[in-house]
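Asks: Would you mind keeping the following structure in view while I ask a few things?
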Amino acid sequence: MPGDAGSIQQAVSAARPGDLVLVAPGTYRESVRIGTRDVVLRGADRNRVIIDGEVRRANGVVVTAPGVAVENLTVRNHTLNGVLATGMSDGAGGLAHGSSGYTRLDPAAFPPLQGFRVSYVTASNNALYGIYAFDARHGVIEHSYASGSADSGIYVGQCKPCDVLVTGNVAERNAVGFEGANASGALFVLGNRFSGNRVGLTSGSDYQEALVPQEDATIAGNLIAHNAEPATPAQADGAFGLGIGIAGGRRNLVARNLIIGNPGAGITLASSEDLPPSGNRLLANMLRDNGIDLVYAASARAPGAGNCLSGNELRTTLPATLVELMPCPAGSAPAAGVAAPRVVAPPGMAFRAVPAGPAQPNRPDGPPVAARGLPGRVDADAVPLPAETLLIERSGITW
C-alpha cells in the first residue's frame, strides 16, 4: 500500500492471519488498530513511514490480537501512546475504559495478550508512552528508539509472568527511559541505552495496577548514563538525575550495568507504600560519577530485607556501610534506610517540543514472521558489562 488500499487501517482490516501489511513511505494521519492475529505491519522505510497523531489522536498503533508484529516505522505526536500492545480490549475492536494505564483493571476480565513484537520502531513526541506493553505477555521490544515521552519511552506493565524481552533499544529525552510496573517473572531488560532522560530506568510495585508486588525481573548489561537532561518532559513525581530506581520490588537481579553520570543517585532501592524492596541482588555493576552511587531508602513502614551486593564497583553509598550490611548470599537483615537525595528538577518542556532524534537504521530484509513463541530462550548471563559507546550511533545526545 497505499496503491492497494486507501489507508493503513483499511489494509489491516482486510488482512488475514499470517499476512504482511507493507506500508509505502508517506505520512499517515490515522490511528491503526490491529485485531487480527499473526499480522505483520511493516514500513518500507523506518524513517519515511510515519504515523502522525498531529497531537489530536490518542494512539498510533494499537495491537489487541495475539501474534502481531509492528516493524520498521515511526509513530509520533500522539496524545497517549505511539504503539500499544494490550489485552485490554472491549471485545468490539476498541479499548476497555481506563486502559491508558491510570485505572486498575481486572486481568481476569481482560486476559493478557499472548504474543507481540515491536521491532525497529521509532516512537517520538508521544504524550504518555512511546512503546507500551500492558496486560501483554510473551513479547519482544527490540532495536527501537523512543524520545519525547512525557511518561516513559518504553513501558511494560501488569504481567505475571511477563515472558518479555526488552533489548537493543535507545530511550533518550523522555521523562523516564524505561519503566516496569507490576511486571514480574521472566522480564528481561538487556543491553539497552537509557541515557539523557530525567530518570533512566524504574521497576516497581504500583497499586494503581493489578498484580502487586513486582518480582523477578532481570536488568543486565544496560548503559544508564547522564539522566539529568533538561530538554525533556517533567517526570510526574518530580524526579531528576536518577539512574535506576527500584520501588517495592522483590527478587530482582541488577547485574553488569554501566551506571554513570547521574547526579542524584546511580541506584536507589526504596519502598512503595507498604511494599518493601526485598531479596534484590546487585551484582558486578560499575557505577561512577553519580551523586551517590547506591542509596538504600526503604521506609520504616516497609523496611526491606534480603537485599545483597557483590562484585560492584562503588565509590559512595547511603548508608555508608551498605556493602557490609548487604552481603551475598545472605542479604540484609530487616531494616529501614535513609531518605533518598533529590536533585531539584528544572522545568519540563512540552512533549511535542522535545527535539527529534536522529534517523534510525532500517530493519534487515527478511520474510514476515508472526510474534509467536517469544522471546524464546534468554541467556542473561551472556550479556556483558557494556561500554559507554553502546548503541551510540543511534543516539542524538553526546556528553
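Every number here is computed from the coordinates shown, using simple stated rules; none is lab data. This one's a predicted model, so the numbers in the text were calculated from it and none came from an experiment. Backbone-built Cβ (ideal geometry, glycine too); neighbour counts: all protein chains shown.
Asks: What are the residues whose amide H is under 5 Å from the amide H of Ala255, where those residues sit 5 or more places off or on another chain and H is modelled from the backbone?
Replies: Placed amide hydrogens put Ile219, Ala220, Gly221, Leu283 under 5 Å from Ala255.
Asks: Going by a ≥ b ≥ c, the root eigenvalues of the Cα gyration tensor, does the stretch 147-212 fall in the rounded group (a/c under 1.5), the prolate group (a/b larger than b/c) or the oblate group?
Replies: oblate
Asks: Once phi is turned into ³J(HN,Hα) by the Karplus curve 6.51 cos²θ - 1.76 cosθ + 1.60 with θ = phi - 60°, what whole-Hz value does each residue of the stretch 313-321 show in order, with x for glycine and proline?
Replies: Values per residue, Gly and Pro as x: 9, 10, 10, 9, 9, 10, x, 5, 9 Hz.
Asks: Taking mean projected area of the Cα convex hull in nm² as the quantity of interest, determine which of (i) 19.0; (ii) 17.4; (iii) 21.2 was computed from the displayed structure.
Replies: Calculated mean projected area of the Cα convex hull in nm²: the matching label is (ii).
Asks: Additional query: Could you run the Karplus curve 6.51 cos²θ - 1.76 cosθ + 1.60 with θ = phi - 60° over the stretch 109-116 and give me ³J(HN,Hα) per residue in whole Hz, x for Gly and Pro?
Replies: 7, 10, x, x, 5, 10, x, 7
Asks: So if R0 is 41 Å, what FRET efficiency would Glu388 and Asp365 give, r being the distance between their Cβ atoms, rounded to the nearest 0.05?
Replies: Efficiency at R0 = 41 Å is approximately 0.85.
Asks: Quickly estimate the mean residue ellipticity at 222 nm for the chain, helices only: each DSSP H run with n ≥ 4 gives -39500 (n - 2.57), and the total goes over all residues, rounded to 500.
Replies: -500 deg cm²/dmol
Asks: Something else about it: Enumerate the amide H contacts of Arg57 below 5 Å, restricted to partners 5 or more residues apart or on another chain; note that Pro and chain-start residues carry no placed amide H.
Replies: For Arg57, the qualifying residues are Thr79.
Asks: ³J(HN,Hα) across the stretch 276-282 via Karplus (A = 6.51, B = -1.76, C = 1.60, θ = phi - 60°), whole Hz, x for Gly/Pro?
Replies: Per residue, the Karplus-derived 3J(HN,Hα) values read x, x, 9, x, 7, 10, 10 Hz.
Asks: Still on this model: Which residues' amide hydrogens lie under 5 Å from the amide hydrogen of Asn290, considering only partners 5 or more residues apart or on another chain, with H built in the peptide plane?
Replies: It is Gly261, Asn262, by chain and number.
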